[in-house]
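Below is a structure I'd like to ask you about.
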Amino acid sequence: MSLAHHPSEELLLDFAAGRLEHGPALVLKAHLGACPDCRGETARLEAVGGVLMAALPAAPRADDALARALARIEAPERPDLRAPIEVGLPELLAGERLGPRRWLAPGLWLRRLEPEGRSRFNTYLLHTSPGRRLPRHGHQGAEYVCVLEGAFSDATGRYGAGDFACGDEELVHEPLAEAGEACLCLISTQGRLRMHSLIGRVLQPVAGV
Ligand SMILES: [Zn+2]
């Protein structure tokens with residue numbers, strides 16, 4: 001079954017070019033693991049990028065060092081997007097340092113990924129029991145979400161397993177986990193959440209997001 005919600009082409013391009021910070025890139029990778037369409041699109045964008053690079057006027061010999069430096073930037077870090085990406089959680093989070101599970105309320109917990117260096121993004125797994133609604137909140141910047149298990153909905157739509165949700169500082173929402181199955185999401189949020197409810201403000205110091 002094809003997915004309902006996908007990242008923008010601009011975001012895929014940033015990913016292909018290695019311009020995304022680690023947290024958002026990880027969320028995008030989770031989606032790519034579940035979405036052959038976006039994998040194909042990312043590979044296409046990467047190929048277009050390669051053609052554009054090749055079409056640049058040849059650097060004079062004196063600029064050889066620059067060309068070699070550029071090649072080094074381009075080459076090693078790029079994931080091989082034509083290879084199938086394992087979507088399984090252990091594979092996706094292999095090598096990540098996961099913090100302790102923080103219990104927030106019955107059926108509601110999160111686990112932060114410890115960033116390697118300074119990061120503008122908080123990245124975490126959020127588990128929500130079936131039928132639970134999250135406190136109403138806004139954002140200081142971009143928010144990227146990939147649903148790993150279950151489903152949730154908010155005013156912008158319904159998001160099932162594999163779907164990619166993208167928000168910004170305009171988005172204020174209170175996501176509701178669908179009945180039946182717990183919802184597990186990988187989330188990367190720029191800055192802190194803006195809590196719009198008392199319960200949210202009470203939970204925020206515990207959650208640390
Ligand atoms: Zn997709």
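Throughout, read-outs are computed from the coordinates displayed, never taken from laboratory work. What you are looking at is a predicted structure, and each value in this text was computed from that prediction instead of being measured. Because the Cβ atoms are built from the backbone with ideal geometry, glycine has one as well, and the counts that use them run over all protein chains shown.
What's the local net charge at residue 165, with K and R +1, D and E -1, over the other residues with C-beta under 9 Å away?
Details: positive: none; negative: 143, 154, 163.
Local net charge: -3.
Here's a follow-up. Answer rounded, prolate or oblate for the stretch 92-207, using the Cα gyration tensor with square roots of eigenvalues a ≥ b ≥ c: rounded when a/c is under 1.5, else prolate when a/b is larger than b/c, else oblate.
Details: a/c = 1.27, a/b = 1.14, b/c = 1.11.
Rounded, because the longest to shortest axis ratio a/c is under 1.5.
Write out the trypsin sites (Lys or Arg not before Pro) in the stretch 1-58 meeting two conditions: DSSP loop, and at most 12 other Cβ atoms within 10 Å of their Cβ.
On the way: sites: 19, 29, 39, 44; in loops: 19.
Sites meeting the loop and neighbour criteria: 19.
Sort out for me the Cα centre separation of the stretch 1-44 from the stretch 159-178, rounded to whole Å.
Here the two parts' Cα centres lie 16 Å apart.
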